[in-house]
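I have placed the structure first, in the form of C-alpha cells, so that the comments after it can refer back to it.
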Amino acid sequence: MNQIIQEYGIFLLEAMGQTLLLALLGLFFGCIIGVFFGLLSVVDNKVCNVISLIYVNIIRGVPMIVLAFFIYLGIPYAVNNSEWFKGILSEPLVFTALTAGSICLSLNCGAYMAEIIRAGIEAIDPGQMEAARSLGLPYWKSMFRVVLPQAIKNMIPSIVNQFIITLKDTSILSVIGFPELVNKAQNVISITFKSFQVWIIVGIMYLIIILALQFVAKMLERRLNRGRRHSH
Amino acid sequence: MAEDTPIKIHVENLHKSFHKNHVLRGITTDIKEGEVVVIIGPSGGGKSTFLRCLNRLEDITKGTVIVDGFDISSKKTNMNKVRENIGMVFQHFNLFANLNVLSNLTLAPLELKKANKEEAKQEAMKMLDMVGLSEKAESYPHELSGGQRQRVAIARALCMHPDIMLFDEPTSALDPEMVGEVLAVMKDLAKNGMTMVIVTHEMGFARDVADRVLFIADGVIMEEGTPEEIFNNPKNERTKDFLNAVL
C-alpha cells in the first residue's frame, strides 16, 4: 500500500483533480438546466410542462453510460456523415472526453435536479402564491420572492444528495477515456497488478471528497436556517 | 345606499366551471362604493368561487365582471394592475412564511414601487398599529396566534391602499376566542367606508355590518336583501332551511 502511495500518489491525486473538475462542470451546468426545466414543469402552460416532462423522462429512462457513448461517439459520427453538416463545418466534429463528459453529466444531473425543484415548489402551499398574486405581484416576482425561498430550504437535503450522486457518476465517464480517478486507477493496476490496494485507496479518496461536501452542505444549511426557523 | 353611489363591482351572468363541474350558474349583481356585502350559504354552493372570480384568482368561464371600470372577464386586462386595488383576506391567512411581519406588509408596496423603503415601513407600522399588532413587526408568522395572523393579513392587504376588500371565510380557521378580534378590525373597516365583500358563517356579524346579504346556493343567488329581510323574514325555502340549520 505504502509503495503504491509513494509511486502513484501524485498520479492518483491528479486524477482526483480531473474527477473534481468534471463534477464541478456537471453540477454547475446541471443546476442551471435543473432550475430551467424545474420551473418549466410548474408554470401554468401545458406546452412547457410537456417539454420538461419529455426531457426528464428521456434522461431518467436511459442509463448514463449509453448517454455517454451516444454523445461522445454517436453524435460526432452522425454529424460527420451528414452532407448538410459537412457544408457548414470546415473540419470534422470531435468532442474531447471532457466536453462529452460534462455535457453528459450536466444533462443527467439536470434532469434529477429538475425533479427536485418541481417537487420542492409543489410542496409549498398554493395559498402562498395566491396571496402574493392577490396583492398585484406578477407571477415571477411571487415565485422568486415568496415561493422559491421557502422551497429551496426544503430542497437542500435532496440537492446535496444529488450532488453526491453526480460526483460518483463521474466514474462512469471512465468508459469514454476521461482521465478521472477510476480510469487512472485501472492504469495503475495494469502496471502493478495490485488491484486490492488500489481500489481501497481510490475508495477512500471518493469517501474524503464526499464527506467534505457533506460538511460544507451542513454548514450552509445551518446558515440558511439561522434567524428564520421553520414555520408550522 | 344612496341611488347615485357609483358602482364598484358589476357582475353579469357569471358562470364558472371546473372541468365538468358547473359551480356558478349565472350570477348577476352590482356592488356599490362603500357597500358591505355579506355572502352566506351552504358549503359547496359557490360562495368562495364567486369571491375568487372578483379578482380572477379563478378564471371566468362565461359572463362579465367589471371591477373599478376594468373588464376582468377579458383575457387582455392586466390583472396585476387591477389586483393592486383589490385586497384579499384568506381563510388560512397565507402570510408569507419566509418573511417577518414587517416584510410581509412591505413586500408588495416595495416590489411594485408604490413607496420607498422608509415610506413603506412607516405605512406598514401605521397599519399594524391599526390592527393592534405594532409590537409584532419583527415576529415571524409561525410565532403568532391565528387571530394575530389574520389581523396581519388584513394589514398586509391594506398596505396597498385597496378600494375593495374581499374576505374569504376570514374567521373559519380560528379558535372561537379569536374570532372577535378579527371581526372588530373588519367592523372598523366597514365603518370607514371600505367596499367589502365577505363570505362568512358568522351570522351575528352579518346582521351587524352588512348593508346587503346574498344567499348563494347551487351556484346562483337564491335570495338577497337587507339583513333584516334575510334573517327575520326569508322568502326562499332554501334560505329558510339554511338559516334554521345555522342559527
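The values are calculated or read from the model by the stated rules, or taken from the named source; none is laboratory data. As the structure is a computational prediction, the values presented were derived from the model and not from experiment. When we count neighbours, we look across all protein chains shown, and the Cβ atoms used for this are built from the backbone with ideal geometry, even at glycine. Accessible surface is based on the protein model in full, side chains and every heavy atom, while ligands, DNA and RNA are left aside. Shrake-Rupley method; radii C 1.70, N 1.55, O 1.52, S 1.80 Å.
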Study note, to complete from the structure: Within region B:65-89, residues open to solvent by less than 10 Å² (accessible area, probe 1.4 Å) and in a loop (DSSP other than H, G, I, E, B) come out as B:Ile72
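Quick one: how many residues across region B:93-111 are part of a loop (DSSP other than H, G, I, E, B) and more than 22 Å from the chain's Cα centre (by Cα)? Outline the logic, then answer.
Pass one, region B:93-111, residues part of a loop (DSSP other than H, G, I, E, B): B:93-100.
Imposing the further condition that a residue be more than 22 Å from the chain's Cα centre (by Cα) reduces the set to B:98-100.
Final tally of qualifying residues: 3.
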Exercise for review: Go through (1) crowded, with 19+ Cβ neighbours inside 10 Å; (2) within 14 Å of chain B (Cβ to nearest Cβ) one by one and return the number of the condition A:Ile116 breaks.
Suggested key: (2)
Check your understanding: Tell me, which residue of region A:41-58 that is open to solvent by less than 30 Å² (accessible area, probe 1.4 Å) and hydrophobic (A, V, I, L, M, F, W, C) is farthest from A:Leu105 (Cα to Cα)?
Key -> A:Val43
Practice item. Kindly indicate whether B:Gly45 is at pLDDT below 95 and either over 25 Å from B:Ser145 (Cβ atoms) or surrounded by 20 or more Cβ atoms within 10 Å (Cβ to Cβ) (or both). Key: yes
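Can you find a residue that is of a type in the set (S, T, N, Q), surrounded by 17 or more Cβ atoms within 10 Å (Cβ to Cβ) and more than 30 Å from B:Ile72 (Cβ to Cβ) anywhere in region A:129-147?
The first filter runs over region A:129-147 and keeps only residues of a type in the set (S, T, N, Q), leaving A:134, A:142.
Those left that are additionally surrounded by 17 or more Cβ atoms within 10 Å (Cβ to Cβ): A:134, A:142.
Now restrict to residues that are more than 30 Å from B:Ile72 (Cβ to Cβ): none.
No, region A:129-147 contains no residue that is of a type in the set (S, T, N, Q), surrounded by 17 or more Cβ atoms within 10 Å (Cβ to Cβ) and more than 30 Å from B:Ile72 (Cβ to Cβ).
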Exercise for review: Looking only at region B:104-126, decide whether some residue is more than 9 Å from chain A (Cβ to nearest Cβ), within 15 Å of B:Arg149 (Cβ to Cβ), in contact with a helix residue (DSSP H, G or I) (Cβ under 9 Å, 6 or more places away or on another chain) and of a type in the set (Gly, Ala, Ser).
Suggested key: no
Review point. Only one residue in B:Phe242, B:Phe167 is farther than 25 Å from B:Phe93 by Cβ and among the aromatic types (Phe, Trp, Tyr), so which one is that?
Key: B:Phe242
Review point. Failed condition for B:Gly44, given (1) under 30 Å from B:Asp175 (Cα atoms); (2) within 14 Å of another protein chain (Cβ to nearest Cβ), with all others met?
Key: (2)
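Answer yes or no as to whether B:Asn192 is open to solvent by 50 Å² or more (accessible area, probe 1.4 Å) and closer than 17 Å to B:Met127 by Cα. Give the derivation first.
Working: open to solvent by 50 Å² or more (accessible area, probe 1.4 Å): yes; closer than 17 Å to B:Met127 by Cα: yes.
Judged against the criteria, B:Asn192 is a match.
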Check your understanding: Got at least one residue in region B:146-158 being under 14 Å from the mean Cα position of the chain (by Cα), touching a residue at least 24 places away in the same chain (Cβ under 8 Å) and surrounded by fewer than 21 Cβ atoms within 10 Å (Cβ to Cβ)?
Key -> no
Point to revise | In region B:35-79, the residues that are touching a strand residue (DSSP E or B) at 6+ places or on another chain (Cβ under 8 Å) and polar (S, T, N, Q) | key: B:Ser48, B:Thr49, B:Asn55, B:Thr61, B:Thr64, B:Ser73, B:Thr77
**Study point:** Of all residues making up region B:40-59, the number that are among the small types (Gly, Ala, Ser), part of a loop (DSSP other than H, G, I, E, B) and either under 11 Å from the mean Cα position of the chain (by Cα) or closer than 9 Å to B:Ile216 by Cα (or both)
**Key:** 3
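Tally the residues that are over 17 Å from the mean Cα position of the chain (by Cα) and of a type in the set (Val, Ile, Thr), restricting the search to region A:65-100.
The initial filter retains those residues of region A:65-100 that are over 17 Å from the mean Cα position of the chain (by Cα), namely A:69-70, A:72-96.
Add one more test, that the residue is of a type in the set (Val, Ile, Thr), and what stays is A:75, A:79, A:88, A:94, A:96.
Total meeting the criteria: 5.
Identify, from the list B:Thr61, B:Thr49, the residue that is in contact with a His (Cβ under 9 Å, 6 or more places away or on another chain) and either at the interface with chain A (Cβ under 8 Å from one of its Cβ atoms) or polar (S, T, N, Q) (or both).
Values: B:Thr49 fails: in contact with a His (Cβ under 9 Å, 6 or more places away or on another chain).
Just a single option satisfies the conditions, and that option is B:Thr61.
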Check your understanding: Quick one: how many residues across region A:101-142 are of a type in the set (D, E, K, R) and within 23 Å of the chain's Cα centre (by Cα)?
Key -> 3
Point to revise | Candidate set from region A:119-167 (those that are touching a His at 6+ places or on another chain (Cβ under 9 Å) and modelled with pLDDT of 95 or more); member that is farthest from the other protein chains (Cβ to nearest Cβ) | key: A:Asp125
